[in-house]
Amino acid sequence: MSESKPPPEFTPRKVRCPGCAGTSIYSPHNPYRPFCSARCKGVDLGAWASEEFKLPDDTPPDEPFGDPRLQ
């Protein structure tokens with residue numbers, strides 16, 4: 001029987017923080033991932049809560065007098 005090798009050491013990935021564009025460690029040890037800090041995570045949450053991030057609205061504007069078929 002051959003001896004098994006120990007598992008390779010896990011090296012966490014370094015990613016760009018979406019909040020400040022700084023370096024962030026993307027691993028289970030970083031409770032704020034993908035953010036670098038609680039501040040960046042909170043700023044992002046606040047932006048979502050105040051609806052700064054929106055999906056584009058591609059629907060045409062409503063008719064000024066409504067749908068003539070419904071009148």
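The values are calculated or read from the model by the stated rules, or taken from the named source; none is laboratory data. The structure displayed is predicted, hence computed values, not measured ones. Glycine also receives a Cβ, built like all others from the backbone with ideal geometry; neighbour counts cover every protein chain displayed.
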Q. When the range 9-24 is examined, which residues are found to be modelled with pLDDT under 95 and β-branched (Val, Ile, Thr)?
A. Thr11
**Q.** Criterion (at pLDDT 95 or above, part of a loop (DSSP other than H, G, I, E, B) and in contact with a Cys (Cβ under 7 Å, 6 or more places away or on another chain)) met by exactly one of Cys36, Cys40
**A.** Cys36
Q) Taking only pairs six or more apart or across chains, which ones have beta-carbon atoms under 8 Å, a first residue in the range 29-52 that is closer than 19 Å to Lys14 by Cα, and a second residue that is in a helix (DSSP H, G or I)? A) Tyr32/Ala38; Tyr32/Cys40; Tyr32/Lys41; Phe35/Lys41; Phe35/Asp44
